[in-house]
Amino acid sequence: MPITPKLTRRHCLAGLIAAPAFAAAPEPSVKITVFQAGDDGYHTFRIPALLATRKGTLLAFAEGRKGGRSDSGDIDVVVKRSMDQGRTWSGIELVADHGDDTIGNPCPVQDSKTGRIFLPLTVNPGNVTERQMIDRTVPDRRTVFITSSDDDGLTWTILDEITSFTRKPEWTWYATGPGVGIQTHTGRLIIPCDHAVEGTRATLSHIIYSDDHGRTWQIGGSSDPGTNECQIVELRDGSLMLNMRNYHQQNRRAVSISRDGGTTWEPITHDAALVESVCQASLIARDNVLYFSNPASTKRERLTVRASKDQGKTWSAGQVVHNGPAAYSCLAPLKRDRIGCLYECGETSPYERIVFTSLPQSVLG
């Protein structure tokens with residue numbers, strides 16, 4: 001558990017009186033490798049997702065890729081747990097294995113009322129690629145599954161297929177997250193997703209949601225074409241913001257707002273402050289402040305975490321956590337006013353390892 005700083009005390013003639021409390025200097029940021037390529041029988045680990053549970057446990061999810069770095073092949077979903085805010089981590093645990101198939105795109109969310117953690121995932125045959133599904137050179141389409149945990153991520157239920165409720169018949173490619181879902185002030189659980197429509201090559205961001213604490217799921221609204229992997233936050237006024245990977249060749253993140261709980265989305269805009277390399281990014285909200293991480297460059301490098309105190313209108317310069325090759329990331333709120341970041345990085349490639357660090361909110365702006 002985190003150690004609570006002791007108040008300094010001073011003596012005076014009237015007795016022992018507590019001195020005024022001064023803010024302690026923030027703990028330094030430490031970088032810890034959680035998943036290392038080549039460990040535990042996996043060639044590569046990719047697609048990090050980080051969930052801070054209501055009990056204070058950190059769950060670090062990733063895809064364990066057995067045959068190589070490819071997005072297709074024999075891919076499992078694995079997890080490690082931390083009970084001390086990311087200082088130490090458990091051994092690797094298998095969450096989902098679909099034989100030789102690809103199962104991945106972890107995007108966990110926890111119901112604040114029941115404590116149940118939901119982990120939606122997507123599946124396709126290991127010998128089938130995203131491009132083949134989009135181009136319809138194979139009959140396969142991606143399917144959607146969900147598993148859950150009632151013991152803070154120690155054990156997980158058998159995979160339950162929810163494709164018929166969460167994918168339209170004309171959708172071919174499909175991905176949950178990756179990253180994390182949210183629960184709104186109304187109790188709605190929302191998972192950000194993306195898909196491709198048969199007959200086109202365009203991809204679109206969309207959401208799925210549950211209004212009954214995860215018992216059933218349904219499809220929400222979709223964004224404009226040319227968007228992809230996305231993350232979602234609830235803003236101060238109750239509206240939703242979708243922040244999306246963008247294929248409009250402007251090297252800027254795409255943003256859309258929903259004012260009806262995600263049923264419809266406004267036309268996308270491009271955030272000039274959020275430079276991107278056409279890559280996944282992370283976005284979370286905490287105490288009316290937004291936190292965002294991505295490779296802040298026109299290529300996959302310079303993993304940066306920044307903050308916005310005006311609901312995404314402007315962004316701080318933030319903090320560079322890895323200046324070299326870097327790619328996907330996921331943020332989580334930690335104790336003692338810190339933000340955790342789980343991210344892909346390396347010296348010659350972004351996919352050499354997945355690292356955890358935590359940053360004081362004060363240094364992010």
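General observations
- Evaluating ALA272 against the criteria (1) assigned to a loop (DSSP other than H, G, I, E, B); (2) surrounded by fewer than 16 Cβ atoms within 10 Å (Cβ to Cβ) leaves one unmet condition, (1).
- Members of the range 287-318 that are touching a residue at least 60 places away in the same chain (Cβ under 8 Å) and either part of a strand (DSSP E or B) or over 20 Å from ALA272 (Cβ atoms) (or both): VAL289, TYR291
- If you check PRO295, PRO267 for being at pLDDT 95 or above and either among the basic types (Lys, Arg) or surrounded by 15 or more Cβ atoms within 10 Å (Cβ to Cβ) (or both), only one passes: PRO295.
- Among the residues of this structure, TYR351 counts as one that is touching an Asp or Glu at 6+ places or on another chain (Cβ under 8 Å), among the hydroxyl-bearing types (Ser, Thr, Tyr) and not in a strand (DSSP E or B).
- Qualifying residues in the range 124-174 (those that are in contact (Cβ under 8 Å) with a residue 40 or more places away in the chain and of a type in the set (S, T, N, Q)) - the one surrounded by the fewest Cβ atoms within 10 Å (Cβ to Cβ): ASN127
- Selection status of THR163, of a type in the set (S, T, N, Q), in contact with a Ser or Thr (Cβ under 6 Å, 6 or more places away or on another chain) and within 24 Å of GLN280 (Cα to Cα): yes
- Among (1) under 30 Å from GLY38 (Cβ atoms); (2) out of contact with any strand residue (DSSP E or B) (no Cβ under 9 Å at 6 or more places or on another chain) - the single one SER358 does not satisfy: (2)
- Evaluating TRP89 against the criteria (1) touching a Gly at 6+ places or on another chain (Cβ under 9 Å); (2) in contact (Cβ under 8 Å) with a residue 40 or more places away in the chain leaves one unmet condition, (1).
- Members of the range 309-331 that are in contact with a Cys (Cβ under 8 Å, 6 or more places away or on another chain) and either within 14 Å of VAL233 (Cα to Cα) or of a type in the set (Gly, Ala, Ser) (or both): GLY324, ALA326, ALA327, SER329, CYS330, LEU331
- Some residue of the range 125-145 being under 19 Å from the mean Cα position of the chain (by Cα), modelled with pLDDT of 95 or more, at negative phi and not in a loop (DSSP other than H, G, I, E, B): yes
- Set GLY86, GLY64: member being buried (at least 19 other Cβ atoms within 10 Å of the Cβ) and on the phi > 0 side of the Ramachandran plot: GLY86
- Qualifying positions in the range 108-165 - more than 30 Å from TRP89 (Cβ to Cβ) and of a type in the set (Ser, Thr, Tyr): THR129, THR137, THR143, THR163, SER164
The values are calculated or read from the model by the stated rules, or taken from the named source; none is laboratory data. These numbers were taken from a predicted model, which means no experiment stands behind them. All Cβ positions, even for glycine, are placed from backbone atoms using ideal geometry, and neighbour counts span all protein chains on display.
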